[in-house]
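Participant: Would you mind keeping the following structure in view while I ask a few things?
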Amino acid sequence: MIVDRFKLIKGAVIFLAALFVISVLLGYTLVSSISKALVFPVFLYLYLTEPGIKSKSFIGFLLVFSLSGIYAVVMAMCSILYSYLTSMPYIIAYICLLVYMIKAFSFRQLVKRFKYYLLVLLVFNAYVIFTLNQMILEDESLKINTLEFFIEGVYNLCVLLVLSFSLLNYLYHDTRTGFLLFLASVCIVFSEMVQVAYIFISADYILNVTYSLLLIIGFYFIYLYIESKTNNHCSVRF
């Protein structure tokens, strides 16, 4: 029997996404962490096994994000180890993604063609960073001028830069793949913002569900992005 490998992988992603959402709805934190952690290893396998030239930066993003999910599961199973270090793997993953996008630019052309966009994005990022910091400081246990606050600030900055550069990447190249990466970034970034509100302002059930749905939609767009980067669909015989 010939089975399209993309259909198998798509089925695995849909199953993990459904399991993640259901476990969030039912309040099964460990199950949601495990299902979330398994999504990016599937993406990494898909990207590495397809023909064509591979980007080390994008591999780094998928790999570190995979390890981040596994690390989060370990932390969830050993709650006494939770600390600000939880954010570090995700920061590294987002930096890898930024490098992946930046390497596709000619900065001279970027500034020449999109100088007004760059100015607007600079103002937008400054405003959002300020707003996020105000939200974080709603948590009275978190103090300014601490390493924990600094790590949170770097994390938020990386997330916003991913959003900004994914938009510039789409405008610069004007391709379907660029648009898919931009949509993935939008969903993931807004899920991160909702998560900040959930953690530091109000542990509202609706916020948690919204975060989960946005994250899953973002993951699906990443799957579509990886799929669109391949020219040939390989099949596996069983």
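Participant: I'd like the accessible area for residue 147, computed on protein heavy atoms only with a 1.4 Å probe and all protein chains in place. Round to 10 Å², please.
Facilitator: Roll a 1.4 Å probe over it and residue 147 shows about 90 Å².
Participant: Starting from the 7 Å offset along Cα-to-Cβ, what nm value, one decimal, do you get for the label separation of residue 104 and residue 118?
Facilitator: If labels sit at residue 104 and residue 118, their model points lie 1.9 nm apart.
Participant: Can you return the lysines within cross-link range of residue 54? Criterion is Cα-Cα under 24 Å, with same-chain partners fewer than 8 residues away left out.
Facilitator: Those lysines meeting the cut-off are 7, 10, 103, 229.
Participant: Tell me the label-point distance for the pair residue 175, residue 26, using the 7 Å Cα-to-Cβ offset, in nm and rounded to one decimal.
Facilitator: Output for this residue pair reads 4.2 nm.
Participant: Okay, next question. Highest first, please rank the peptides 204-212, 151-159, 181-189 by the mean number of other Cβ atoms sitting within 10 Å of their residues.
Facilitator: Packing order, densest peptide first, comes out as 181-189, 151-159, 204-212.
The values are calculated or read from the model by the stated rules, or taken from the named source; none is laboratory data. Only a predicted model underlies this, so the values are computations on that prediction, with no experimental measurement involved. For neighbour counting, all protein chains shown are included, and Cβ atoms are generated from backbone atoms with ideal geometry for every residue, glycine included. To get the accessible areas, we keep the full protein, side chains included, count just its heavy atoms, and leave off ligands, DNA and RNA. Shrake-Rupley method; radii C 1.70, N 1.55, O 1.52, S 1.80 Å.
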